[in-house]
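The values are calculated or read from the model by the stated rules, or taken from the named source; none is laboratory data. Fair warning: this is a prediction, and the values are worked out from it, not measured in the lab. No Cβ is skipped: glycine too gets one built from the backbone with ideal geometry, and neighbour counts run over all protein chains shown. Keep in mind that these areas ignore ligands, DNA and RNA; they rest on the heavy atoms of the full protein, side chains included. Shrake-Rupley method; radii C 1.70, N 1.55, O 1.52, S 1.80 Å.
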Amino acid sequence: MNELAGKHIVLGLSGGVACYKAAELTRLLIKAGATVQVVMTEAAGQFITPVTMQALSGRAVYGSQWDAREANNMPHINLSREADAILIAPCSADFIARLVQGRADELLSLLCLARPADRVPLLLAPAMNREMWAHPATRRNLAQVAADGAAVLGVGNGEQACGETGDGRMLEPAEIMEELAAFFTPKRLAGQRVLVTAGPTFEAIDPVRGITNRSSGKMGFAIARAARHAGAEVTLVAGPVDLPTPRGVRRIAVQSAQEMLQAVIPQAQGATVFIATAAVADWRPAQAATQKIKKDGSGEVPTLGFVENEDILATVAQSERARSGALFCVGFAAESEDLVAHASAKRVRKGVPLLVGNIGPATFGQDDNALVLFDAQGHQDLGRASKHELAGRLVEEIARRLPAAR
C-alpha cells in the first residue's frame with residue numbers, strides 16, 4: 001500500500017487478548033513501507049511481550065514514562081512529535097475511558113494527551129467483550145473521544161475469546177491497514193456518490209453453460225476502493241467474479257447484462273459519478289434453454305440465435321442527469337489493436353466526457369495494467385503500474401474534471 005510508505009506510526013497496545021493481532025499488524029505496516037514505534041501499557045505486557053514487538057518492528061519498545069533512554073526524560077513528548085499518526089490497537093474499554101478523562105499517569109495515555117492534535121491524528125481500534133462494547137458508559141466514552149478528535153475505526157463481529165459472540169472484536173490487521181490507507185488518502189471525492197461496474201457478465205445458454213469473457217474485475221474493484229479512500233460513498237455493481245468486496249463499499253452482485261442494467265439504472269439516479277469498467281457482453285442468446293442441451297449422437301450442432309444487449313454506458317450517458325452535468329460518466333475500452341483510434345471513436349459514440357482505454361487481453365486477470373485517458377482535448381498516458389496505483393491516479397483525474405473542481 002503506497003499510502004503508508006514513509007509514514008511513522010506510533011502503535012499503542014493497551015491490555016487485551018487482541019494484542020496478538022498487533023504482531024501481524026506491525027508486520028503488515030513494515031511491509032507497506034511504514035516505520036512502527038511500539039508503546040505498550042503494563043497490562044498489554046500480560047498478553048504479548050515487548051521482545052516480540054521489538055523483533056517485528058525493529059525498534060526498541062517503550063513502556064514507561066521514566067524511560068532513561070531519552071536524554072531529556074520526555075518520551076511522551078519525543079514519541080508523539082515524531083509520529084504521522086498514533087494508532088491504539090487494541091484499544092480497551094479502560095483505555096478509552098482514560099482518554100476521555102485525560103489521564104496522564106502512564107506513558108501511552110500521557111503521549112496521547114501530549115500529542116499535537118492539529119498534526120498528529122489519533123486512531124482507535126477498540127477491542128472488548130460484546131457487553132462492554134454495548135454498555136452505555138462505553139457508548140458515551142466513544143462519543144466523547146470522537147468529539148475530541150479521535151478517529152474510531154469500529155469493531156468486528158464474531159466469536160470472542162470469552163466464548164461469546166457479537167460486536168467488540170478488534171478489526172483484523174488487514175482491515176486496519178485498509179482504514180489507515182483510507183485515512184491518509186486525500187479526500188478528493190468527498191461528498192461524491194460513485195457508482196462503479198466491474199467484471200464480466202454471464203449470458204446463459206442453458207442452466208449449466210453460458211457466454212462470458214476474461215475480465216477479472218480487478219481494475220473495477222481497485223477503482224471502487226480508491227474512490228472510497230478518496231472520501232466517496234461507493235456502490236459497486238459486480239458481475240460474477242471471485243473477489244472480496246473493498247472495505248466500506250456497497251456491492252450489488254449480478255450475472256447477466258440485463259441484470260446489470262436493472263441494477264445500474266436506479267443507482268445512477270442518486271450517483272454523481274458513474275465509472276463503467278465492466279466488460280458487458282454485447283450479445284446474449286435469444287432464448288436460453290430450460291434444460292441442459294445434450295448431444296444426441298447425431299453429430300448435429302445446435303444453432304444459437306443472438307440478440308443485442310442494451311448499451312449500459314450509453315444509456316446512462318444519455319440520461320437527463322448526465323446531460324445536465326449532474327452525473328459525470330466515465331467509460332472503459334479494452335482494445336486488441338489501434339487503441340487511440342478505437343477508444344477515441346468509442347468516447348464520441350458513447351457520449352462520455354472521459355474514456356479509459358487499455359490494450360487487452362494481455363492485462364486481463366493481471367495485477368498491473370497500462371491505461372490511457374481520452375477526452376475532448378486528446379489523450380493522456382497514465383503509464384504502466386499496479387491496478388491499485390492506476391486506480392488512484394484515475395480517481396485524481398476524475399476529481400480534477402468534476403464540475404465542482406473547476
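Structure values in brief
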| read-out | value |
| --- | --- |
| With Cα atoms, 0 to 90° folded angle of helix 136-147 axis to the chain main axis | 80 degrees |
| Surface accessible to a 1.4 Å probe, per residue, for the residues of the range 8-184, Å² | 43 Å² |
| By accessible area with a 1.4 Å probe, ligands and nucleic acids excluded, highest first: order of Ser14, Ser319 | Ser319, Ser14 |
| Summed residue charge, Cβ within 13 Å of Lys21's Cβ, Lys/Arg positive, Asp/Glu negative | -1 |
| Mean Cβ neighbour count within 10 Å, used as a protection proxy, ranking 266-273, 283-290, 298-305 highest first | 266-273, 283-290, 298-305 |
| Projected label distance in nm at His342 and Lys31, using a 7 Å step from Cα toward the beta-carbon | 3.7 nm |
| Accessible surface of the range 129-211 [probe 1.4 Å, protein heavy atoms]: carbon and sulfur percent | 52 percent |
| Those residues of the range 278-305 whose amide nitrogen sits under 19 Å from the label point placed on Ala253, 7 Å along Cα→Cβ | 278-279 |
| Computed over the range 8-184: relative contact order in percent, which uses C-alpha pairs under 8 Å that are six or more apart | 23 percent |
| Neighbourhood net charge (12 Å Cβ-Cβ; Lys/Arg +1, Asp/Glu -1) for Ala288 | +1 |
| Around Ala230: net Lys/Arg minus Asp/Glu count, Cβ-Cβ under 15 Å | +2 |
| Beta bridge orientation in the chain: antiparallel %, DSSP, nearest 5 | 30 percent |
| Computed P(r) (all Cα pairs; the range 193-401; 10 Å bins; percent) | 8, 34, 36, 14, 5, 1, 0 |
| Subset of Lys218/Lys292; Lys187/Lys387; Lys21/Lys187; Lys187/Lys350; Lys218/Lys294 violating a 24 Å alpha-carbon distance limit | Lys218/Lys292; Lys21/Lys187; Lys187/Lys350; Lys218/Lys294 |
| Simple label model, 7 Å out from Cα along Cβ direction - Ile293 to Arg401, nm | 4.0 nm |
| With DNA, RNA and ligands ignored, accessible area of Val17 (1.4 Å probe; Å², nearest 10) | 80 Å² |
